[in-house]
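Take this structure, written in structure tokens, and hold onto it; I'll ask about it next.
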Amino acid sequence: MKPSVILYKTLPDDLQQRLEAHFTVTQVKNLHPDTVQQHAGAFASAVGLLGSSEKVDAALLAKMPALRAASTVSVGYDNFDVEALNARRVLLMHTPAALTETVADTVMALVLSTARRVVEVAERVKAGEWKRSIDADWFGTDVHHKTLGIVGMGRIGMALAQRARFGFNMPILYNARRQHKEAEERFQARYCDLDTLLREADFVCLILPLTEETRHLFGDAQFKQMKPSAIFINAGRGPVVDEQALIAALRSGEIHAAGLDVFEHEPLAVDSPLLTMPNVVALPHIGSATHETRYSMAATAVDNLIAALNGKPEKNCVNPQVM
Ligand code: GLV
Ligand code: GLV
């Protein structure tokens, strides 16, 4: 008999078949307690779990005594209680490489659309406001040759630095837990402490995972240090930023604009002040959302689960020490 797994995401047909070739698959809508209750037998016998975004905590693990591996279709895994997984020796697999270039493209899209006011101006054109000659009221600010600050120099930070340095001639500053020789050699990126980066960067791009150390890393004090002309971009995780402090900084003119793909609470409330500010570009967490990349992430996640349950989680494993 094939081992059983729970799938809480829709997969392309060919990947569903790849999964079914190895496992008996029970597909569910989500991991809410009601759903788990409804499929209690399948959850109790499942050795694997595949999906994204839902909370996986000790309470869920208690309903899954046979679980040996969880595979997420994402790079971020802040929705998993890793300590609880470790205590149960459950492997956690993710997709760190598949989305790098696509997320870096999204960050560049936010940089360009905030600086050049692409969304705002396009809306004005749609509203019939195109004037005979474009005056300063429609002008943006340059991107090329401006200083780009990257907070979090992981894979995505590197791909962003490459675009900015070679595509847009931007000097790069970065802050990370440790110095990154390759970034310095390839992109002449300059390592600096966070305060220096905030004071000097024209664009402050946040690409950090959510952890206990990064939660609310950005608040009043950080926005106050930025230039009034600074543009703030967040494409990591929303709770790394105190969103009320960001709103206040935008309102008071402490910073010039913001491009946001992530928010403290998602989906963003329809009455959020961020949605009425013309200098904010808000995206619905689409950093990796292209056909090509979402397929590649899903394929990686399927292969990760197969490898983990065969005792061979050679790559993409968050906690190989539990083996
Ligand atoms: C997206 O947010 C991811 O973590 O993959
Ligand atoms: C990425 O944004 C995901 O959670 O799939």
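Computed from the coordinates by the stated procedures, all read-outs in this text should not be read as laboratory data. Because the structure is a prediction, the values reported are computed rather than measured. Because the Cβ atoms are built from the backbone with ideal geometry, glycine has one as well, and the counts that use them run over all protein chains shown.
Highest mean first, how do 132-141, 49-58, 289-298, 117-126 rank when packing is the count of other Cβ atoms within 10 Å averaged over residues?
For the peptides 132-141, 49-58, 289-298, 117-126, the packing ranking is 49-58, 289-298, 117-126, 132-141.
So what's the gap between the Cα centers of the stretch 45-116 and the stretch 221-255, to the nearest angstrom?
Spelled out, the Cα-based centre of one part sits 27 Å from the other.
To the nearest 20 debye, what is the magnitude of the charge dipole of the stretch 225-321 about its Cα centre, counting +1 on the Cβ of each Lys and Arg and -1 on the Cβ of each Asp and Glu?
Working: 6 positive and 10 negative charges, 46 e Å.
Charge dipole of the stretch 225-321: 220 debye, to the nearest 20.
What does the helix-only formula give at 222 nm for the chain: each DSSP H stretch with n ≥ 4 adding -39500 (n - 2.57), the total divided by the residues, and the result rounded to the nearest 500 deg cm²/dmol?
Value at 222 nm, helices only: -10000 deg cm²/dmol.
What is the stretch 166-240 by shape, rounded, prolate or oblate, if you read a ≥ b ≥ c off the alpha carbon gyration tensor as root eigenvalues and call it rounded for a/c under 1.5, prolate for a/b larger than b/c, and oblate otherwise? Mind dumping the intermediate values first?
Details: a/c = 1.78, a/b = 1.29, b/c = 1.38.
It is oblate, given that a/c is not under 1.5 and a/b is not larger than b/c.
Next up: Kindly identify the stretch 43-198 as rounded, prolate or oblate by the Cα gyration tensor criterion: order the square roots of the eigenvalues as a ≥ b ≥ c, call it rounded if a/c is under 1.5, otherwise compare a/b with b/c, prolate if a/b is larger, else oblate.
Here the stretch 43-198 falls in the oblate category.
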